Amino acid sequence: MPKRSKKLKKDQPVSNPVAEVLMPTSSGPNTSLTADELAALDKFMVAMNITSSEKREALLAKDKQELRKMLALYKDEERQETEDSVIAKLQTAKSSSSPNLAKDLTSTAVCLKAYPIEWVLSFCQKDGCLVLLDILDISNRGGFSAVVQSEVIKCIKAVMDVGSCVRYVLTASNSILLLVSALGSTEKRTVTIVLEMLSAIAYLDEGHKLVLDAFSTLVKERGGGFRFGVLVRLLHADYDLKLRAAVLLLINAIVQHAEDVDMRIHLRNEMYHCGLQDALDRMVEELKEFNPDLNMTTTTTALDTTTIRSAEPDHFEVLMTQFELWNSEAEEDLIELQNRFHNIQHDISNPDDVFAFVKAVSEDSPALNYFTSILQHLLLIRGGENTRVHYMQLIEECVSQIVLRKGGVDPDFRGRFQLETEVFLDQMQKELDVVSLEEQLKDLSDKVTELTAQHKHALEAKDILVHQLTTEVTDAKTEIESTTKLLAEKDQELQLLRVELETERAKPKAKEADNTAALEAKGPPAPGDASAATGAAPPPPPPPPPPPPPMLGVGAPPPPPPP
C-alpha cells in the first residue's frame, strides 16, 4: 500500500504555496468601506496577485482602518518609498541600535504588504531580506528587544507571502535556523507566526530538509537534548488553541512530508520520545476541562465541537483537524508497515513478534548469520541494569542512523559510514549526572525524613514530660491548698480553746474576790466567832485546769504555766 506523497513537486503549478498556508481565514466582507474604496481595494488585490475568493474575503475582513492605510500607501505612488531607502533606513537603525528600529520595521512590514509584488521582489533582490535576517539574528541573541524580534518576523512573513520571494529566504544562510531559534521567544504571537512559517517551508521540496537540519543544528549548538523537544514544550506551555494548532501543524508537516514510511515512523517515534503523547493527552484533558460539554467518542479522535466553536471556531477546528490527522496518518503508516510483512497483523511493540519477523525475513539468506552474530554480541553485554540500558541506547542510536538515513535512502556501502554519536553520548552523560544527582537527592531526602521523625519524637517526648510536670505541679498546688485550709481550721479551734482556758482560769479569782468582799461587808468577827473561825479549816483550792492540746501551727505561743 504505497503512501501518497504530499510534497509540492517542482513542476507543479502553484502561484503562492506559502501564502496559501499563512493567509488567515475569516468570513464576511468589511461593509464599512465605501464603494470607491472597495473598487480601489479590488485593483490592489489584483496588483498583489490575490486572486482566490478565500484570500479576498480574508483581506476584506481586516480592520477598515488597516485597509485604508494599505490603500493610501498603494495609491500614493509619488510618495512611495523606494526599496533602497527602506533598506538604508533599516541598515542605519541596526548599526546604531536606534530606538526607532521597531517603528522602522513596522513601516517596512506595511510596505511589504501594501506595495506591488515588483516592489517586494526588488527589495529582496537588493538584499533587503538579508538585512531582515541579520536583525533577527541579533534579536535572537538578545541584542534587540522582543518588540524588534516580533516586527522583523512580521516583515519576513510578508516577504514569504509573495511566492516568488520565498527562494530568497530559503537560500539565505542560516535563515531557517534563525526562525527555529525564534521559537524561544516569550511572545506567543511571535512564536505562532514562526510556527506557521516553518510549516509552510516544511511542505516545500527543499524546505523539509532545511527545517530538519535547523532543528538538529540548534540541538547541537545548545549542548544536546531532544531535537523536537521545543515543540512538545510549546504544547505544554498553556491553554492557547491558536498556538497549539500551529504546533500540531508543524509536527504534521515534518512527519507527513517524508515519503518513506520508515522515516515517518522514525520521526514520529522521535516526537514520542520527547513526550508528545503525554502532551496530547494533557491537551485533550484540558479541552474537556475548559469545555465540559465536549464528549470524546474515541480515545484519539472525534470530539463533539458544538460548544467550543461558538468561542474560537477557527482555531479549534484547525487544532482538531491536525490532531485527527496525526492519529490517522500514524494508523496508515502502521498498516503500510504491516503490509510489508505479508499483511500479517502483529503488535510491533512486542519483542517476541519483532524477533520472529526479523528472523523470518532473514532466513534462507546470508543475512541470518549476521543477525545471529548481532544477537550473540548482545549476550556479551556486562554490567548492572543501568549499564545494560546505556549499551542498548547507544546500539539503538547507531542502528537508527544506519537504517533510517536521509529519508530512507540506503547508505553508500562502498564508502566509509560516519556515525554521529557525540551529541547522543553527551546526552547520555547528562542523564547519568541526573541519575547521580537524583540518588544524592534521595539520600538527603531520607536523612531529612529521619531527622524530621527524630525531631517529631523529641517534641512528643517533651510534650509528655511537660504534661507530667504540669500534673505534678497541679497536684502539689491542690495539696498545699487543702493543707492550708486544714491549718486555718485547726488554728481557729486553738483560739477557741484559749478563750475557754482563760475563762476557766478567771473563775477561782472571781470567787475569791466575792468571798473577800462578803467578809469585809460583815465586819470584824466576835471573839467566839474568831475562835470558831480559827478552828474551821479553809476550803481546798480548786484543781488545776487540764493542759491545752498541742499547737498545730508553726510559731504558736507555748501554753501558760499552771497557777
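Details
- Filter pass, residue 214 being open to solvent by less than 10 Å² (accessible area, probe 1.4 Å) and either outside any helix (DSSP H, G or I) or within 28 Å of residue 89 (Cβ to Cβ) (or both): no
- Residue match in segment 70-82 (condition: modelled with pLDDT of 80 or more and either part of a loop (DSSP other than H, G, I, E, B) or open to solvent by 70 Å² or more (accessible area, probe 1.4 Å) (or both)): yes
- Qualifying residue in segment 144-161 (condition: hydroxyl-bearing (Ser, Thr, Tyr) and more than 30 Å from residue 426 (Cα to Cα)): yes
- Taking the listed residues 232, 255, the one that is in a helix (DSSP H, G or I), open to solvent by less than 10 Å² (accessible area, probe 1.4 Å), in contact with a Cys (Cβ under 9 Å, 6 or more places away or on another chain) and not small (Gly, Ala, Ser) is 232, with no other qualifying.
- Pairs with Cβ under 6 Å, 6+ apart, first in segment 181-209 and on the phi < 0 side of the Ramachandran plot and open to solvent by 40 Å² or more (accessible area, probe 1.4 Å), second polar (S, T, N, Q) and in a helix (DSSP H, G or I): 187/150
- Selected residue (only one of 173, 150, 107, 122 is in a helix (DSSP H, G or I), under 37 Å from the mean Cα position of the chain (by Cα) and at negative phi): 150
- Among the residues of segment 57-69, just one is part of a loop (DSSP other than H, G, I, E, B) and open to solvent by 70 Å² or more (accessible area, probe 1.4 Å), namely 63.
- Pairs, first of a type in the set (A, V, I, L, M, F, W, C) in segment 339-358, second at pLDDT 80 or above and open to solvent by less than 100 Å² (accessible area, probe 1.4 Å), C-beta under 7 Å, six or more apart: 341/357; 348/354; 358/371
- Of all residues in segment 317-373, those satisfying the criterion of being in a helix (DSSP H, G or I), modelled with pLDDT of 80 or more and open to solvent by 80 Å² or more (accessible area, probe 1.4 Å) are 317, 331, 351, 352, 355, 361, 369, 370.
- Filter result (open to solvent by less than 10 Å² (accessible area, probe 1.4 Å) and touching a residue at least 40 places away in the same chain (Cβ under 8 Å)) within segment 259-292: 261, 264, 271, 276, 279, 280, 283
The values are calculated or read from the model by the stated rules, or taken from the named source; none is laboratory data. As the structure is a computational prediction, the values presented were derived from the model and not from experiment. Virtual Cβ from ideal backbone geometry, glycine too; neighbours counted across all protein chains shown. Just the protein is used for accessible areas: all its heavy atoms, side chains included, with ligands, DNA and RNA removed. Shrake-Rupley method; radii C 1.70, N 1.55, O 1.52, S 1.80 Å.
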